[in-house]
1. Just checking, does segment 63-82 include any residue being open to solvent by less than 30 Å² (accessible area, probe 1.4 Å), part of a strand (DSSP E or B) and farther than 26 Å from Ile2 by Cβ?
2. Report, by residue number, each residue of segment 138-170 that is outside any loop (DSSP other than H, G, I, E, B), hydrophobic (A, V, I, L, M, F, W, C) and open to solvent by less than 60 Å² (accessible area, probe 1.4 Å).
3. Taking the options Ile293, Ile236, Ile257, Ile222, name whichever one is modelled with pLDDT under 90, within 17 Å of Phe85 (Cβ to Cβ) and either assigned to a loop (DSSP other than H, G, I, E, B) or out of contact with any Gly (no Cβ under 9 Å at 6 or more places or on another chain) (or both).
4. Residues of segment 97-110 being assigned to a helix (DSSP H, G or I) and in contact with a helix residue (DSSP H, G or I) (Cβ under 8 Å, 6 or more places away or on another chain), which ones?
5. Can you tell me which residue is farthest from Ala109 (Cα to Cα) among those in segment 179-211 that are assigned to a loop (DSSP other than H, G, I, E, B) and not charged (D, E, K, R)?
6. For segment 46-62, give me each residue that is in contact with an Asp or Glu (Cβ under 6 Å, 6 or more places away or on another chain) and either part of a loop (DSSP other than H, G, I, E, B) or farther than 21 Å from Asp146 by Cβ (or both).
7. Pull up segment 112-129, narrow it to residues that are over 19 Å from Asp193 (Cα atoms) and not hydroxyl-bearing (Ser, Thr, Tyr), then point me to the one that is surrounded by the most Cβ atoms within 10 Å (Cβ to Cβ).
8. Considering (1) within 17 Å of Thr83 (Cβ to Cβ); (2) of a type in the set (D, E, K, R); (3) open to solvent by 10 Å² or more (accessible area, probe 1.4 Å), say which one Lys209 fails and leave the rest.
Amino acid sequence: MILKGLNKQQREAAETINGNVIIIAGAGTGKTRTITYRIAHMVKECKISPDSILALTFTNKAAKEMKERIEKLVGEDTPISATTFHSFAYKFLKNFPQNIGYKKNFTIADDEDQREIIKKILKDIKNLYQILDAKRVKKMLNKAKDHGCSTKEEAHSYYMSTPYSLMEKEVINQVCDIFKEYNKILKENNTMDFSDLLINLRYILLDKKIMEMVQKRFKYFIVDEYQDTNWIQGQIVDMLSEKEGNLCVVGDPDQSIYKFRGAQINIINDFSKNHKNTKVIKLEENYRSTPQILEAANVVIENNPKNYDKKLWTSL
């Protein structure tokens, strides 16, 4: 049996296939091993079509590792969709560029492309506020887009509901004008930035026929490093999994590192509140550290704001 090498909690996580599941996985508790064995168990022993499983994570390295581990268990010829949010969005949008006002073979603007566009816009603005250099503007534009903003008005509403509202109103207004011009330039060049990939994916999934097509294929959804999810990523996952209700998220609120990219810790902390009949499974046995190190770690994280208590331990 594939799961015989897992500990009790890992096995419970791997065997819980249907419904909403959150796996709170502390550092060094075999998170990736549990996910890959869960998918292998689904395919080999539950006879679930690999085509119906979508596993999402945040880096190409993590996606590649997950895919390679799964293939070792189920065979290289098994079509497993283990990918990043942005790669999934890019491949998906390639099939429907006209639905979002783009031409075929649209391109992606990387960080350097973004900076160059923003620098050009700033150079052409008369009476530019001194506080608005390219680095700050880029960060503000990305923050708004990570929250799903695609128009000047949406960006303004976002800024006024965040600590950015402490900035002078005239500065906020100028940023919103830049936001509009930046998006205009991207569209004229048949280009999206990385945030646009997710914004446009969410938009296109609002089309009932397209959503039905996606949900006809994918029945099971797994999200790794869920603590690093931002607003729009959380929205996309919930939209995709709403029909079947088979959403498994894996993460640890104490390991969130992408707040600067828009990650919102409340998304993982409030998962059980926002998803009906959620089963909570905790991976707490650590395989990397000594008892002394874990005791110190538990003291450090015990006061962190969270809704899922955990206590790491080891038998080493």
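The values are calculated or read from the model by the stated rules, or taken from the named source; none is laboratory data. Predicted, not measured: the structure shown is a model, and the values here were computed from it. Cβ atoms come from the backbone with ideal geometry, glycine included; neighbour counts cover every protein chain shown. Areas reflect the complete protein model, heavy atoms only, side chains present, ligands, DNA and RNA absent. Shrake-Rupley method; radii C 1.70, N 1.55, O 1.52, S 1.80 Å.
1. Within segment 63-82, none of the residues are open to solvent by less than 30 Å² (accessible area, probe 1.4 Å), part of a strand (DSSP E or B) and farther than 26 Å from Ile2 by Cβ.
2. Across segment 138-170, the qualifying residues are Met140, Leu141, Ala144, Ala155.
3. Ile257
4. Within segment 97-110, Asn99, Ile100 meet the criteria.
5. Leu206
6. Within segment 46-62, just Phe58 meets the criteria.
7. Restricting to residues being over 19 Å from Asp193 (Cα atoms) and not hydroxyl-bearing (Ser, Thr, Tyr), the top hit is Leu128.
8. All conditions pass for Lys209, except number (1).
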